[in-house]
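I have placed the structure first, in the form of structure tokens, so that the comments after it can refer back to it.
The values are calculated or read from the model by the stated rules, or taken from the named source; none is laboratory data. What you are looking at is a predicted structure, and each value in this text was computed from that prediction instead of being measured. Virtual Cβ from ideal backbone geometry, glycine too; neighbours counted across all protein chains shown.
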Amino acid sequence: MTNKYIYFIANWKMFGGLNSLNSVYKVIKFFKTFKKNKSTKIIYCPPNTLIRPMSKKLKNSRIEVGAQNCHENESYGAFTGSVNSIMLKSVGAKYIILGHSENRSIGENNKLINLKIRSALKSGLKVIFCIGETLQEKRKKITKKVLNKQIQSGLFKIKNKKNIIIAYEPVWSIGTGLIPKNKDLFNTINFIKKKIRNSKVLYGGSVNPKNIKELKSINNIDGFLVGGASQDSKKFIDIIKKTYN
Ligand code: PEP
């Protein structure tokens, strides 16, 4: 772990209703007395419908809220069903996940992701930029080439990268229970850090209380993007605690 903070980002995906907010109380309570509170960043990224109530609930807790995607247009417009980054910021989002493979797989390309990142930064959101190779690309041994392309195109014309956090998420690892081998993960994180100097690089993909001991031993990772396990407060707290033990 190389930076000031260790990040724990909860990606709730398309899960959760108003009653799911009750489970966040456990995390607030835990975090209040957690001795690593000052060097830990917890960011909840719920569905858009929960951003406002969640940010109210998290007020004064040092836990922040983010969104999971946005339209690329900064201004308002006739885009039925869409929400832009300004709207997300106005209801309490401080961060936004962009480039997630679940959105890439339904048609988001690097160019569109670049427009979204630029619009989100302009609106004052911090961006959690997801990159990662598919299983097929891993088998073809073109992981670095793929990541390089995602980085170059996704960050095209973005000079100031200080509000961008990279989340390396191998697609084959998301929701599958599989994680990369330690050495591969260390090398890939290093590769990304060389491409984007001074960047924080997180790992995401099937992080859970069982494999966190293994993952935290990789000492160039700056934190974790947690999907499935973050919806269960007990598991999420366990992941955070075990990262320091
Ligand atoms: C994700 O979707 O960003 C993710 C990391 O999911 P999971 O932890 O469920 O693999």
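Quick look at the values:
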{"item": "Count of the range 50-69 residues which are touching a Pro at 6+ places or on another chain (Cβ under 8 Å) and touching a residue at least 40 places away in the same chain (Cβ under 8 Å)", "result": "1"}
{"item": "Top-ranked residue of the range 103-133 - restricted to ones that are surrounded by fewer than 17 Cβ atoms within 10 Å (Cβ to Cβ) and among the polar types (S, T, N, Q), ranked as farthest from residue 199 (Cα to Cα)", "result": "105"}
{"item": "Residues (part of a loop (DSSP other than H, G, I, E, B), more than 10 Å from the ligand (Cβ to nearest atom) and either over 20 Å from residue 96 (Cβ atoms) or at pLDDT below 95 (or both)) located in the range 204-245", "result": "209, 210, 211, 217, 218, 219, 220, 221, 232, 245"}
{"item": "Checklist (1) of a type outside the set (S, T, N, Q); (2) under 30 Å from residue 28 (Cα atoms); (3) within 15 Å of the ligand (Cβ to nearest atom) applied to residue 172, failing item", "result": "(2)"}
{"item": "Residue among 189, 179, 166 that alone is of a type outside the set (D, E, K, R), within 16 Å of the ligand (Cβ to nearest atom), without any contact (Cβ under 8 Å) to a residue 40 or more places away in the chain and assigned to a strand (DSSP E or B)", "result": "166"}
{"item": "Test result for residue 143, over 19 Å from residue 9 (Cα atoms), β-branched (Val, Ile, Thr) and either surrounded by fewer than 18 Cβ atoms within 10 Å (Cβ to Cβ) or free of Cβ contacts under 8 Å to residues at least 40 places away in the same chain (or both)", "result": "no"}
{"item": "Search result, residues across the range 203-237 that are more than 15 Å from the chain's Cα centre (by Cα) and over 23 Å from residue 17 (Cα atoms)", "result": "209, 210, 211, 212, 213, 214, 215, 216, 217, 218, 219, 220"}
{"item": "In the range 16-33, the residues that are in contact with a Ser or Thr (Cβ under 6 Å, 6 or more places away or on another chain) and either of a type in the set (D, E, K, R) or modelled with pLDDT of 95 or more (or both)", "result": "26, 27, 28"}
{"item": "Residue match in the range 132-145 (condition: closer than 27 Å to residue 86 by Cβ and either among the polar types (S, T, N, Q) or touching a Leu at 6+ places or on another chain (Cβ under 6 Å) (or both))", "result": "no"}
{"item": "Residue check for residue 117: touching a Gly at 6+ places or on another chain (Cβ under 9 Å), within 16 Å of the ligand (Cβ to nearest atom) and in contact (Cβ under 8 Å) with a residue 24 or more places away in the chain", "result": "no"}
{"item": "Failed condition for residue 50, given (1) surrounded by fewer than 19 Cβ atoms within 10 Å (Cβ to Cβ); (2) of a type outside the set (Val, Ile, Thr); (3) part of a helix (DSSP H, G or I)", "result": "(1)"}
{"item": "Single match in 200, 193 (criterion: buried (at least 17 other Cβ atoms within 10 Å of the Cβ), within 17 Å of the chain's Cα centre (by Cα), charged (D, E, K, R) and under 25 Å from residue 12 (Cα atoms))", "result": "200"}
{"item": "Whichever residue in the range 147-160 is touching a strand residue (DSSP E or B) at 6+ places or on another chain (Cβ under 9 Å) and part of a loop (DSSP other than H, G, I, E, B) and, among such residues, is nearest to the ligand (Cβ to nearest atom)", "result": "155"}
{"item": "Which numbered condition residue 7 misses (of (1) assigned to a loop (DSSP other than H, G, I, E, B); (2) among the aromatic types (Phe, Trp, Tyr); (3) surrounded by 13 or more Cβ atoms within 10 Å (Cβ to Cβ))", "result": "(1)"}
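Matching residues to (1) among the small types (Gly, Ala, Ser); (2) more than 22 Å from residue 221 (Cβ to Cβ); (3) within 19 Å of the chain's Cα centre (by Cα):
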| site | (1), (2), (3) |
| --- | --- |
| 9 | no, no, yes |
| 26 | no, yes, no |
| 79 | no, yes, no |
| 88 | no, yes, yes |
| 108 | no, yes, yes |
